[in-house]
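The structure appears right after this line, and notes come after that.
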Amino acid sequence: MFGKDKKKGFFEDRKDTERSLISETVSIDGTVNSSGAIDIAGLIKGPVYSKEIVIKETGSISGEVEADKVEVHGHLNGKISADNVVIGSTGVIKGDIEFGTNLRTEDGADIEGYIKKTASATKSKSTTGDFLFSKSREKEDKKIRKNGKSASINKEKEDSEALV
């Protein structure tokens, strides 16, 4: 009657890689942590840390986002730190983006902030890359290459000469 092939219970074969859904009817005020993937169709006010984050078209986050992979089709008001970032055609971001490996934007994506490539956006808080669209930083780098000295030493020298 029961046979030898019994199905495993619901929790026995479940892994941390399962997807969680924060539906359109859910609003969270606080930090969200997950070791798996999160699909966000609702509203989150606070930072989100996960392995993978997908903000659906109806989803919105006001806070920092840190993950291996981030996909935005809704709204994000905060900084993104991820190895791989995808901004969909309906995605709206107001904040800086730090990515380690890949950044892809689709036609219609709306980004207001700096974009920065780092050695690894999620593994280290210290960033080694430069902002891709920052002109003032580019001028400092040219000074360093030309003089062989750090920009801060050159600035101190300029400041002391201006006082004389």
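Evaluate the following for Ser60: is it polar (S, T, N, Q), under 21 Å from Leu21 (Cβ atoms) and modelled with pLDDT of 95 or more? Break it down into steps so the answer makes sense when it comes.
On the way: polar (S, T, N, Q): yes; under 21 Å from Leu21 (Cβ atoms): yes; modelled with pLDDT of 95 or more: yes.
It is true that Ser60 is polar (S, T, N, Q), under 21 Å from Leu21 (Cβ atoms) and modelled with pLDDT of 95 or more.
State all residues of segment 24-78 that are surrounded by fewer than 17 Cβ atoms within 10 Å (Cβ to Cβ), among the basic types (Lys, Arg) and in a strand (DSSP E or B); if no residue qualifies, say none.
Lys45 - this is the single residue of segment 24-78 that is surrounded by fewer than 17 Cβ atoms within 10 Å (Cβ to Cβ), among the basic types (Lys, Arg) and in a strand (DSSP E or B).
The values are calculated or read from the model by the stated rules, or taken from the named source; none is laboratory data. This one's a predicted model, so the numbers in the text were calculated from it and none came from an experiment. As a convention, Cβ positions derive from the backbone with ideal geometry for all residues, glycine included, and neighbour counts pool all protein chains shown.
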